[in-house]
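Contents: one structure, followed by commentary.
Derivation of every value follows stated rules applied to the coordinates shown; laboratory data play no part. Because the structure is a prediction, the values reported are computed rather than measured. Positions of Cβ are generated from backbone atoms using ideal geometry, with glycine treated the same way; all protein chains shown enter the neighbour counts.
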Ligand SMILES: NC(=O)c1ccc[n+]([C@@H]2O[C@H](COP(=O)([O-])OP(=O)(O)OC[C@H]3O[C@@H](n4cnc5c(N)ncnc54)[C@H](OP(=O)(O)O)[C@@H]3O)[C@@H](O)[C@H]2O)c1
């Protein structure tokens, strides 16, 4: 049987390494090349030591990529967009993990990124690669974008409430996101120096976080069947915490009618009962009563829970995931599975660790 020939660009980075870990063991895929501009010629395991003994691949230079069926771009924002035509000449289907093709509207991009998108002509064609919301578009997609890790948790946690028409859009949506250090990528910076990063609970983007744009786009689509969420104010803040992998979202949603927990459960169950990677979490007892990223490291799950504050007509939504998995590489493999009509869980069955 011919396996799908795939390759990765940006191979020395964190999402590139995570994709290699997944694709090497995917039963329908042959990972032929992993390209790196900084480490060409080195063994894959020299930059991703967890793959030691599991692959004899050497990283190639991006100029030496051969044609393949699907190419994963794990490049910084701006770089993917600028070089997209070069990569489209190598593969008919691209999955790009950067933010360059996440937004359909150039104006929305410009508002949140402070500059015009690098390749605006492709925004309309690209599919936002979140299978839970865009599954039907993926089989025919030639250009699929990855999703922001914090945006993914927030959108998945909140979509059922918008779908059900429960949200009081006269009041702001408040989303607090906590995120681990690997979300910043492999390149060291002043903020990632160990004495500064270790033990940190650092508010790094209390306003203006770019992932807000994905919420405006995707929750608007869910709420109105298209269009952006312009009528509601959105307050998104991000905090760096003492984790390597992980995102935890706490969102405060004010609902427009009095509602009980049972009804809320019904909406969440109806939205997600057939989803392989979404788990509703709300236990009465024990330590892990709400979603927690700690037990999701390495898994593709997004755990979602909530608590109703009836007096305030407020739902507190809590969602957790591993930023390198459901927030990046795992989600990209799930999207790949959708694009080719395979079981969505192929290559993604690792359940996470406990204790860890
Ligand atoms: N980390 C996350 O949790 C996460 C989650 C969702 C989305 N993303 C997105 O996924 C993309 C990759 O993220 P990452 O965390 O894997 O980043 P990373 O660890 O910094 O890796 C990016 C890689 O891109 C390559 N590269 C090519 N041209 C470059 C240039 N001009 N400057 C710097 N690097 C260049 C480098 O690899 P070579 O030298 O090997 O070519 C670099 O290692 C980003 O757009 C990011 O926003 C990341």
| request: Please identify, among 44, 23, 264, the residue showing maximal mean-square fluctuation in a Gaussian network model of the chain using a 10 angstrom Cα cutoff. | output: 264
| Per the Debye formula with a single identical scatterer at each Cα and no solvent contribution, what log10 I(q)/I(0) holds for the stretch 45-123 at q = 0.20 Å⁻¹? | -0.92
| message | Using only Cα atoms and rounding to the nearest 10 degrees, what angle (0 to 90) does helix 329-339 make with the longest principal axis of the chain? | response | 80 degrees
| said: Pairwise over distinct Cα atoms, reciprocal of the mean inverse distance: report the Kirkwood radius of the chain in Å, one decimal place. | reply: 20.7 Å
| task | Measure nothing fancy, just the Cα-based angle from helix 149-163's long axis to the longest principal axis of the chain, in degrees from 0 to 90, nearest 10. | result | 40 degrees
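Helix-only mean residue ellipticity at 222 nm, the chain, DSSP H runs n ≥ 4 weighted -39,500 (n - 2.57), per residue, nearest 500. What is it? Intermediate values should be presented prior to the final figure.
On the way: 11 runs with 91 residues, N = 356.
The helix contribution divided over the chain gives -7000 deg cm²/dmol.
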| note | Using alpha carbon centers only, the stretch 122-173 is separated from the stretch 25-90 by a whole-angstrom value of 27 Å
| query | In degrees from 0 to 90, rounded to the nearest 10, what is the angle of the helix 14-23 Cα long axis to the longest principal axis of the chain? | reply | 80 degrees
| request: For the chain, with a Gaussian network of springs between Cα atoms less than 10 Å apart, report the residue from 325, 150, 234 with the top mean-square fluctuation. | output: 234
| request: Arrange the following residues from fewest to most other Cβ atoms within 10 Å of their Cβ: 8, 304. | output: 304, 8
| Rg/Rh for the stretch 150-321, where both radii come from Cα atoms and Rh is the Kirkwood radius | 0.97
| request: Please report how far the C-alpha centroid of the stretch 306-341 lies from that of the stretch 228-251, rounded to the nearest whole angstrom. | output: 12 Å
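Length gain on complete extension for the stretch residue 137 to residue 284, per 0.36 nm per residue less the alpha carbon to alpha carbon distance? Mind dumping the intermediate values first?
Numbers: separation 147, 0.36 × 147 = 52.92 nm, distance 3.83 nm.
Contour length minus Cα-Cα distance gives 49.1 nm.
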| note | Comparing 318, 259, 84 in a Gaussian network model of the chain (Cα, 10 Å), the one with the largest mean-square fluctuation is 259
| request: For residue 187 and residue 244, calculate 0.36 nm times their separation in residues minus their Cα-Cα distance, and state this gained length in nm to one decimal. | output: 19.1 nm
